[in-house]
Ligand SMILES: [Mg+2]
């Protein structure tokens, strides 16, 4: 199992040595001042920070506040470890975003227990975030997460951005003839095939039922055409066994649109792709239609 990484920040080297020794079951990274600590959390994957308050230059409160202001580091839990034990200091530590507070000299096993519980919280949060973003049947992004990521892509850079709407042809007939569990197998087979073909930075989600969407950036339009055609052909080759042992064949239709001067937001882009999907259905299905 991967070991968690803990950043310990203290201007006193002796304190760092004690913590490093205590936390030997974890990967420990050390920083001797606030600036260095911020640099490390900006560059490395850190799961937890143990943070001293009184340091020359940037103090621990400021480090904490800056980490909480930054989207990239906001989620990292911070435990303050400090010689200050007055109530004002403790209140301020929680106010600026710390999750726990330990006074020096600390009790080693108590500190380890607190570290462990915060790391377990982090793991649970990550699991919940994963589940909340996924379609439970297929494991790909659900509708909510798809729109969140697609909107982000659009606002970051709409240039050379494509949207594809995909739909399993005559899916209702598959369900009616073979039953819903078999229909589910078809949906899983289709999403598996698409996941295997699209690139990692494309956003692929299930919008509902048998309807899917992809958002992707490419410089070369021909490449996009080829990619979507290869998805369509791959699905055409698939076979799924029904619950009663019958072989099910199926196809998909695809509508694709690229951002141009007439498209102002993600909804309009998806709308255009959807219109092309509608045309693909009208043209006999098992087709990819590009908006020109
Ligand atoms: Mg200090």
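The reciprocal of the average 1/r between distinct C-alpha atoms defines the Kirkwood hydrodynamic radius, which for the range 1-77 equals 12.4 Å. For the range 1-49, the relative contact order comes to 52 percent (Cα pairs under 8 Å, sequence separation of at least 6).
Compute the relative contact order of the chain as a whole-number percentage, counting only Cα pairs closer than 8 Å that sit 6 or more residues apart in sequence.
Computed value for the chain: 13 percent relative contact order.
Between 184, 135, 176, where does the largest GNM mean-square fluctuation fall for the chain, given springs only between Cα atoms within less than 10 Å? Highest fluctuation of the listed residues: 176.
Compared with the dominant Cα axis of the chain, that is its longest principal axis, helix 143-156 is turned about 80°.
In the P(r) worked out for the range 4-129, what percent of Cα pairs fall beyond 22 Å?
Counting pairs separated by more than 22 Å, the tail of P(r) holds 27 percent.
Residues 115, 46 in ascending order of nearby Cβ atoms (within 10 Å, fewest first): 46, 115.
From the alpha carbon centroid of the range 132-200 to that of the range 94-114 is 44 Å. Per 10 Å bin, what percent of the C-alpha pairs of the chain does each bin hold, from zero upward? Result, from short to long distances: 6, 23, 21, 15, 16, 13, 6, 0 percent. Contact order for the range 217-292, expressed relative to its length and based on alpha carbon pairs under 8 Å spaced 6+ residues apart, stands at 30 percent. Computed with the Debye formula from one identical point scatterer per Cα of the range 143-290, without solvent, the log10 of I(q)/I(0) at q = 0.09, 0.16 Å⁻¹ comes to -0.27, -0.82.
If you rank 18, 252, 168 by fewest surrounding Cβ atoms within 10 Å, what's the result?
By the 10 Å Cβ count, ascending: 18, 168, 252.
None of the figures in this text is laboratory data; all of them are computed from the coordinates on show. The structure presented is a predicted model; accordingly, all values stated were derived computationally and were not measured. Using ideal geometry, Cβ is built from the backbone for each residue, glycine included, and neighbour counts are taken over all protein chains shown.
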